[in-house]
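Visitor: This is the structure I have questions about; it appears just below.
The values are calculated or read from the model by the stated rules, or taken from the named source; none is laboratory data. Everything numeric in this text was worked out from a predicted model, so none of it was measured. Cβ sites come from the backbone with ideal geometry, for glycine too, and all protein chains shown count toward neighbours. Remember, those area values only see protein heavy atoms, side chains included, never the ligands or the DNA or RNA. Shrake-Rupley method; radii C 1.70, N 1.55, O 1.52, S 1.80 Å.
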Amino acid sequence: MNRFLPISIFVAVLLGAMASCNSDYEYTTVWDSTPCSLEVSAFSLKANDSIIENLDSLYFAVDLNSAYIYSPDSLPMGTKLGKVVVSVTFPNSVSEAKFIIPSAEEVPDTVDYLNNTTDSIDFSYNGMVYLRVVSYDAQYEMDYTVRINVHKVPADSLYWNELAYRSLPTTLSSVTAQRSAIIDDKVVCLTTDAQGNASIATTTNPYISSLWEATDVTLPAGADVNTLRANSTALYLSDGATLWESTDLGQTWTDTQTPMIRVIGAYDETILGIDKVGDTYYHVTYPATVPTAVPDGCPVDGLSSPVVYTSKWSTKPMLMIMGGTAIDADGNETLVGSTWGYDGSSWACITTNGIPAATGMVFFDYYSFTTSTQWVTTEYPSLFAFGGLTEDGTPSKVYISRDRGLHWTVGDEYLQLPEGLNTGYLTQAITWDRHMTGRSAELDGMEGWTPFPGVKLAPWVHIVPAGYDAESRITKPITSWECPYIYLMGGNSSEGVFYDTLWRGVINRLMFRPLY
């Protein structure tokens with residue numbers, strides 16, 4: 001057996017691998033002296049609690065094509081970067097690895113990493129330094145950009161985009177009530193005035209004011225605008241006694257002959273509602289099924305818009321409502337601070353710990369985020385509830401549930417509404433995707449919207465323009481994505497003043513171009 005064979009095979013394989021890195025180069029040594037030898041295979045930080053806890057858990061990605069070393073998950077806004085010891089791994093021998101540290105001075109500082117591996121590197125200058133790597137034979141060198149990303153805005157805050165509002169879309173000169181619904185990929189906004197005149201406006205994109213088309217309509221006598229709901233084919237509302245249906249976006253209405261004083265919403269194609277016989281309230285449906293008595297504590301008035309969801313753990317969808325007013329057989333009213341759900345056969349309270357009881361709340365399905373001690377951010381489908389009227393007549397703060405209404409927690413200060421943004425009793429939220437394309441034009445969609453002047457807003461509101469694309473977030477060439485905006489519509493103050501306004505907002509992180 002030739003004892004030199006393994007060595008010769010090893011050398012041949014190594015040379016073959018080197019040649020595959022760049023076939024234009026010729027090799028005369030087993031030392032890799034090509035650009036491939038400049039590779040950084042790992043980068044990390046040492047712990048430094050003076051900057052932030054668990055700093056050593058921050059993950060770094062290495063983009064060899066772009067010579068970019070970066071933290072995909074950004075540290076929280078306000079993190080003050082400074083000197084920190086780093087660890088760099090080179091799979092090949094290199095003759096030089098020098099950190100070049102920008103500063104306000106004309107001459108940058110340098111640290112010889114190979115000879116001073118425990119020296120601190122100062123990231124206080126925009127969180128960025130450079131790492132110059134020189135090959136073993138000094139023929140090649142590469143400058144890596146090394147960056148610790150820190151959010152420039154509170155990424156998870158409910159930032160009300162562009163600080164702008166507009167009046168509700170309508171043909172009426174003065175609006176006193178409104179309700180909206182989504183049907184057939186359209187947003188439908190129904191408005192009425194004090195004289196009983198009505199208008200319906202529709203759009204395929206509420207972000208662009210000019211796309212709203214409004215017409216005059218005639219509603220059934222006694223129609224309650226706040227009962228407007230929709231399934232996939234028709235609009236529905238109640239006149240206080242029976243349910244009415246429109247299959248032509250509100251132009252004409254037909255009496256379904258179904259007793260229903262309140263309309264809850266659509267479960268699949270079935271319309272759920274409430275009726276009252278004597279002193280007893282019943283859950284009813286259209287098409288009609290056997291009525292069932294409303295359980296104690298279940299709201300029958302001041303109903304929020306419903307949220308319907310399905311999950312991989314459930315066999316049927318769940319329809320949920322939040323807050324409202326419960327009325328017992330003696331006529332006593334009680335505000336509700338919990339979530340009630342319907343699974344296709346029965347109603348039940350699904351909340352373990354609720355929120356301060358309120359009626360007429362804003363309730364919608366959206367997203368929130370948490371960041372672990374390893375700085376990994378996780379997105380959660382979440383329920384949001386706020387506004388309405390509490391016992392003392394004030395709107396509720398913003399509350400979030402990440403487990404579909406089982407537990408609720410108050411949102412942090414950045415998630416609360418800015419001062420001066422009017423939300424009250426029966427304000428409604430519609431969520432609608434906006435098609436984002438990189439750094440969207442700041443004035444895109446601003447026609448018809450008015451900047452919000454003269455009111456002191458929460459500190460986080462004065463942050464970024466529309467279409468903010470965090471330059472610190474490294475991406476593949478993703479050119480477009482869908483960003484869900486929240487549209488708050490109408491509502492009444494505790495004094496009964498109607499808010500003829502439409503606001504829009506979005507959680508900042510959802511505006512960022514997605515990471516790869």
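Visitor: So how much accessible area does His283 have, in Å² to the nearest 10, using a 1.4 Å probe?
Guide: The value for His283 is about 10 Å².
Visitor: How high is the FRET efficiency from Ile182 to Asp137, r the C-beta distance, R0 45 Å, rounded to 0.05? Display every interim value, and only then the final one.
Guide: Numbers: r = 66 Å, r/R0 = 1.47.
Efficiency computed from Cβ-Cβ geometry: 0.10.
Visitor: If amide hydrogens are placed 1.01 Å from N in the peptide plane, which non-local residues have theirs closer than 5 Å to the one on Asp239?
Guide: Asp224, Trp244
Visitor: Give a residue-ordered list of calculated ³J(HN,Hα) values for region 105-112 (Karplus: 6.51 cos²θ - 1.76 cosθ + 1.60, θ = phi - 60°; whole Hz; x for Gly, Pro).
Guide: Values per residue, Gly and Pro as x: 6, 5, 9, x, 7, 9, 10, 7 Hz.
Visitor: Moving on. Could you run the Karplus curve 6.51 cos²θ - 1.76 cosθ + 1.60 with θ = phi - 60° over region 325-337 and give me ³J(HN,Hα) per residue in whole Hz, x for Gly and Pro?
Guide: 10, 9, 10, 7, 5, 8, x, 6, 9, 9, 6, 10, x
Visitor: With θ set to phi - 60°, apply the Karplus curve 6.51 cos²θ - 1.76 cosθ + 1.60 along region 54-67 and write out the HN-Hα couplings as whole Hz, x wherever there is a Gly or Pro.
Guide: Using θ = phi - 60°, the values come out as 6, 4, 6, 8, 5, 7, 10, 9, 10, 9, 5, 5, 9, 6 Hz.
Visitor: On a full-extension model of 0.36 nm per residue, what is the gain between Glu333 and Gln195, subtracting their alpha-carbon distance, rounded to one decimal in nm?
Guide: Contour length minus the Cα-Cα distance gives 46.7 nm.
Visitor: Another one. What nm distance separates the two modelled labels at Ser103 and Ala47, each placed 7 Å from Cα along Cα→Cβ?
Guide: Here the answer is 2.9 nm between the modelled labels.
Visitor: Extending each Cα 7 Å along its Cβ direction at Thr394 and Ala293, get the distance between those two points in nm, one decimal.
Guide: Distance between label points: 3.8 nm.
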